[in-house]
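Visitor: Structure in C-alpha cells, see below.
The values are calculated or read from the model by the stated rules, or taken from the named source; none is laboratory data. The structure displayed is predicted, hence computed values, not measured ones. All Cβ positions, glycine included, derive from the backbone under ideal geometry; neighbour counts span all protein chains shown. Quick note on the areas: whole protein, heavy atoms, side chains included, nothing else; ligands and nucleic acids left out. Shrake-Rupley method; radii C 1.70, N 1.55, O 1.52, S 1.80 Å.
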Amino acid sequence: SSGINAKYGLTLLLSSLAVACKATEAAVRKAGIAQLYGISGDTNTTGDEQKKLDVLANDLFINLLKSSYQTCAMVSEENENMIEVPVAKHGRYIVCFDPLDGSSNIDCLVSIGSIFGIYRRDDDEGPVTEKDCLLPGNKLVAAGYCVFGTACMMVISTGNGVNGFTLDPSIGEFILTAQDMKVPKKGKIYSVNEGNSSYLDEKLLKYFKHCKFPETGKPRGARYVGSMVADVHRTICYGGIFMYPASSSAVNGKLRLLYECNPMAFIMEQAGGKAVTGRGDERVLDVIPTSLHQRAPIYLGSADDVDEVLSFLNA
C-alpha cells in the first residue's frame, strides 16, 4: 500500500513539474513580445544578475510544486533560504531546482532550460529543516531537465533508465519520443569554456591539447553553449564530455551541486555515462553537501571520455 501511494505521489509531483515546464516554455516563446527580456534589477543567491524570465520561472515552479501537495520543502537557485511549504500542503518530497538555466543566453535566443532533482525526506517527523535538504545525489528518487530549444523536450529518470518527452504544441502535452536514451560509450566532442584556460590546471590543458592535436586520428570537435542543459543534452545525444572544472578563480567550480550537478549526474549515469568531480575517482553523486548553494566541479559524459580525462588529471 505504501509503495503504491509513493508511486502515485511521485507521479503527481512529476505532473506538476511538467506543467511548470510547459508554462515556462510558453513564457520563453513570447518573451520578446511580452517584454520579458532584460534584467529584473536583482541578483540571485550566487551573485548572478536575475533576468525577468528567471523571476517568472521561479514563481511558476514554486507555486505549482506547492499546489501539488507532494512537497515539504524546495531549494531554488533564486532563493537564498530553503522554501518552506505550508503544513496543510505537505508531502514527502524535497525538490531542488534551477528554474531557468543559462540565463545569460536568454536575450540572444540560445537554448536554455530548467533542471530539477527530487529527494524523499528521510524523516517525516517534526518540522522540515535545511539539514533535510542536504542530501547527496545518490539519494535522488528522480531527476530531470527540460530544454527550450528548436523544440521543447523534457528528459526524466526515476532510477530506471532515461526517457525523453517532446512537447506537442498542438495538444499541449509531452509525448514520449526518445525511449531508453543512452549516451554513446565514446564521443567526438569536448565541451568546456577554454577562455578560462589561464586559471586551469596544467594537466587539464594537456588534455585539451590531446583533443586538438591527437597522435592518431582526427581532432575532436569543440562545442560550448554556456547553457548546461543544452550542453548536457547534446552530450547525451552525440556522446563526448562536458566539463566545468575547478580553477584558481573558482576552486570549487561554478555549478551548484544540489540543483545542477546532482540531477545531471544522475541522468548521465542512468544513460550509461559517468559523472565525476575530478578529485580522484569521486562520483558527483557521492559528494556530501554542506550548504544549499554549494558548488562542485564536474566532468560528465561518455564513459570512455570521462575515464580519459581522469587519466590526465590523476597522472
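Visitor: Do any residues in the range 50-69 that are open to solvent by less than 50 Å² (accessible area, probe 1.4 Å) have Cβ atoms under 7 Å from those of residues that are assigned to a helix (DSSP H, G or I) and hydroxyl-bearing (Ser, Thr, Tyr), where the two are at least six apart or on different chains, and which pairs are they?
Guide: Listed pairs, sorted by first residue: LYS51/SER103; ASP54/SER103; ALA57/THR24; LEU60/THR24; LEU64/SER16; LEU65/SER16; SER68/SER16.
Visitor: Sticking with this structure for a sec: Hey, which of the strands (runs of 3 or more DSSP E) in the range 140-192, taking only ones fully inside, have at least 3 residues that are of a type in the set (A, V, I, L, M, F, W, C)?
Guide: 140-148, 152-157, 173-178
Visitor: Take the range 102-139 and flag every residue that is part of a helix (DSSP H, G or I), touching a residue at least 24 places away in the same chain (Cβ under 8 Å) and among the hydrophobic types (A, V, I, L, M, F, W, C).
Guide: ILE106, CYS133
Visitor: Give the number of residues within the range 242-268 that are buried (at least 24 other Cβ atoms within 10 Å of the Cβ) and not in a strand (DSSP E or B).
Guide: 12
Visitor: State which residue pairs qualify: first residue of a type in the set (Gly, Ala, Ser) and surrounded by fewer than 24 Cβ atoms within 10 Å (Cβ to Cβ) and inside the range 294-315, second residue at pLDDT 95 or above and not in a helix (DSSP H, G or I) in any location, beta carbons under 6 Å apart, and separation of 6 or more residues or different chains.
Guide: From the range 294-315, the pairs are ALA303/LYS185; ALA303/GLY273; ALA303/LYS274.
Visitor: Looking only at the range 198-227, which residues are of a type in the set (A, V, I, L, M, F, W, C) and within 13 Å of GLU308 (Cα to Cα)?
Guide: LEU204, PHE208, CYS211
Visitor: Could you say which residue among PHE242, PHE208 is at pLDDT 95 or above, touching an Asp or Glu at 6+ places or on another chain (Cβ under 7 Å) and over 27 Å from PRO99 (Cβ atoms)?
Guide: After applying the criteria, what remains is PHE208.
Visitor: Let me ask you something else. What is the one condition in (1) of a type outside the set (Phe, Trp, Tyr); (2) outside any helix (DSSP H, G or I); (3) buried (at least 24 other Cβ atoms within 10 Å of the Cβ) that ALA275 does not satisfy?
Guide: ALA275 satisfies all of (1) of a type outside the set (Phe, Trp, Tyr); (2) outside any helix (DSSP H, G or I); (3) buried (at least 24 other Cβ atoms within 10 Å of the Cβ) except (3).
Visitor: Checking GLU215 against (1) within 21 Å of the chain's Cα centre (by Cα); (2) in a loop (DSSP other than H, G, I, E, B), which test does it fail?
Guide: In the conditions (1) within 21 Å of the chain's Cα centre (by Cα); (2) in a loop (DSSP other than H, G, I, E, B), GLU215 misses (1) alone.
Visitor: Same structure again: Does the range 81-101 include one or more residues that are modelled with pLDDT of 95 or more, assigned to a loop (DSSP other than H, G, I, E, B), open to solvent by 70 Å² or more (accessible area, probe 1.4 Å) and over 21 Å from ALA143 (Cβ atoms)?
Guide: yes
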